[in-house]
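What follows is a single structure, written as structure tokens, with notes after it.
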Amino acid sequence: MNNRVVITGLGVAAPNAVGIPDFTAAIKNGISGIRYYQQLKDLNFSCCIAGIPQVSEELKQQYLSPLQLKNFNSNGILYGCIAGIDAWKDAGLPINENGDADWDSGTVFGTGVSGIEKLRESFYKIDAGNVKTLGSTAVLQTMASGISAYLSGILGLGNLVTTNSSACCTGTESILMGFERIQSGKAKRMLVGGCSDDGPYVWGGFDAMKVMTYKHNDEPEKASRPMSVTASGFVPASGAGALLLESLSSAMERGATIYGEILGGAMNAGGQRGTGSMTAPNNEAVQRCIKEAIENAGIDASEIDLINGHLTATTKDATEINNWAVALNRKGEDFPYIHSLKAMTGHCLGAAGAVESVAAVLGLHDGFIFPSINCEDLHPDIAAIISAEKIPRQLIETNNLQVIAKASFGFGDINACIIFKKYNA
Amino acid sequence: MNTEELIEKLKVIVKPYVKDEEGFKNMTENSDFLNDLKINSANLVDVILDIETEFDIIIDNESMEKMLNVKAAIDIITAKLNEK
């Protein structure tokens, strides 16, 4: 018998808010976190806007010690620590500085790249013959598993401690990997999520590919336009999202607040065959992934109330909607509600699936569907598939939200889909 | 440089990216990079970088968006060469 898996803690460092109370208010009110960055303009980027979490020095010091902050230059790890520590505390779990590790708790915390600013700093020092000035933390800040290593040390995690990496699927994949570990009885609690670095060295390659929008530099808050006919590329962003997953029995034993349940999910790839390539999805694989997630969750496609889409604001949005419609065999008025958090946050890359899942679970628990902003001019190709009313342009408060499907798709032709359900005690 | 000469130069540039040999053999002014030559859309920026190097011109974002076929590429290259 598989263990049931519930969510008992949440944490987030998003471009439009840091911390769960502020984030909840921001997403309910459709607040954009996209801003203009002169640094990108000075470096000749076509896209000069981005979504970066606003973290003060004071806030940093609440999460990392003065020693940890010495020579620290890895903002993805910073965001991951904020979100991860918040989720742990939100679940009511203790941080014991001494004593044993918590053998029943682990983490799968993903990232695309780690410490790219720290790497750059290191390259210059090495090239100048000053390798010894790298100090003791250059490796820890730049190894892919840096974030899981930091969190494990801070929280005393003694179960599986690892980092996954799968482009824009990373955050969603981490949740499913943690889910499976608890489901199979190998851990009682898993801190899962994803984080992403920011800055020109992460985003330069995307700018060169012309997949980021360059048409809205003068109106940052309007720039991220998923499902809009004027969508012209994604807005780069960074941050972190974290969820504390727990076996239902452990959560009940502790009397923890339960935000929601994970019923199941699926992960697959298109093998870069058919319509798939390194950068484009194999549509058949996307549809299979969604169908397999529904089957794994043991529900019927008709039970899905809301889709928290990948929807990045590129020409692929209509393709994604069509894949959902085919996979669910639902269209027009019968299609579930669908929205994209990226309209407010931009595309948090390796953190996207985690930040968006935090938003999904908050909606499930608090009973709301956040507005999909910047979509007043719906793309006609999308309007041809689903009823325009299925895209909430305003906040919807409802007690009828029971099942949310969340998917992420990534470079390399990879897919991940999770089914969240409201926890009914 | 006339159209035939430009097409010959373009052929050399696009060859490494082409996924449809038949389309490449029959490449004319009316060929579409994505549909006829089956170039991966992500590679279009590489084709354009190679064009910039070959002709020593700079192609702006707006022009890049239009360069989806041989005809548009020739028009843009010609215009940029005339600006020099």
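Listed from fewest to most Cβ neighbours within 10 Å, the set A:117, A:389 follows the order A:389, A:117.
For A:312, A:257, B:53, which order do you get if you count the other beta carbons within 10 Å of each Cβ and list the fewest first? Don't skip to the answer; put the middle values down first.
Details: A:312 25, A:257 16, B:53 10.
Ranked by crowding around the Cβ, least crowded first: B:53, A:257, A:312.
Using a cutoff of 8 angstrom between alpha carbon atoms and counting only pairs six or more residues apart, the relative contact order for segment B:3-83 works out to 31 percent. The protection proxy used here, the mean number of other Cβ atoms lying within 10 Å of each residue, ranks peptides A:78-84, A:144-150, B:28-34, A:38-44 as follows, highest first: A:78-84, A:144-150, B:28-34, A:38-44.
Can you give me the relative contact order of chain A as a percent, contacts being Cα pairs under 8 Å and 6 or more apart?
Values: 1111 pairs, mean separation 101.4, N = 425.
Relative contact order here is 24 percent.
A straight chain from residue A:89 to residue A:43 at 0.36 nm per residue would run longer than the Cα-Cα distance by 12.6 nm.
FRET efficiency for residue B:65 and residue A:249, Cβ-Cβ distance as r, R0 = 45 Å, nearest 0.05?
Working: r = 56 Å, r/R0 = 1.24.
My answer for the efficiency is 0.20.
Note: relative contact order over segment A:148-226, using C-alpha pairs below 8 Å and six or more positions apart, is 16 percent.
Neighbouring Cβ atoms from other chains, within 10 Å of the Cβ of residues in A:5-13, number 0 on average. With R₀ fixed at 35 Å, the C-beta to C-beta distance from residue A:389 to residue B:42 puts the FRET efficiency at about 0.50. Label sites at residue A:65 and residue A:398, each approximated as a point 7 angstrom past Cα along Cα to Cβ, lie 4.9 nm apart.
Report the extension gain between residue A:143 and residue A:54 in nm, rounded to one decimal, defined as 0.36 nm multiplied by the number of residues separating them, less their alpha carbon distance.
Working: separation 89, 0.36 × 89 = 32.04 nm, distance 2.44 nm.
Here the answer is 29.6 nm.
Over the alpha-carbon set of chain B, divide Rg by the Kirkwood Rh and report the Rg/Rh ratio to two decimals. Result: Rg/Rh = 0.92. Applying 0.36 nm per residue to the separation of residue B:57 and residue B:11 and subtracting their alpha-carbon distance, the gain on full extension is 14.8 nm. Across every direction, the projection of the convex hull enclosing the Cα atoms of segment A:87-135 has a mean area of 6.0 nm². Is the C-alpha gyration tensor of chain A telling us rounded, prolate or oblate? Criteria: a/c under 1.5 is rounded; beyond that, a/b larger than b/c is prolate, otherwise oblate. Oblate shape, in that a/c is at least 1.5 and b/c is the bigger or equal ratio. Between residue A:128 and residue A:36, the modelled labels are 3.3 nm apart [label points 7 Å from Cα along Cα→Cβ].
Here the alpha carbons of segment A:265-421 define both size measures, Rg and Dmax, at 14.3, 42 Å. Adding -39500 (n - 2.57) for every DSSP H run of four residues or longer, then dividing by how many residues chain A holds, sets the calculated 222 nm ellipticity at -10000 deg cm²/dmol. Each pair of Cα atoms in segment A:118-165 enters the Kirkwood radius, and Stokes-Einstein at 4 °C and 1.567 mPa s then converts it into a translational diffusion coefficient of 107 µm²/s. Checked against a 21 Å cut-off, the cross-linked pairs A:222/A:316; A:70/A:118; A:28/A:291; A:210/B:66; A:60/A:89 give Cα-Cα distances beyond that limit for A:28/A:291.
Bear in mind these aren't lab numbers, they're just calculated from the coordinates by the rules spelled out. It should be emphasised that the depicted structure is a prediction, and the values quoted were computed from it without experimental measurement. Note that each Cβ is placed from the backbone with ideal geometry, even for glycine, and that neighbours are counted across all protein chains shown.
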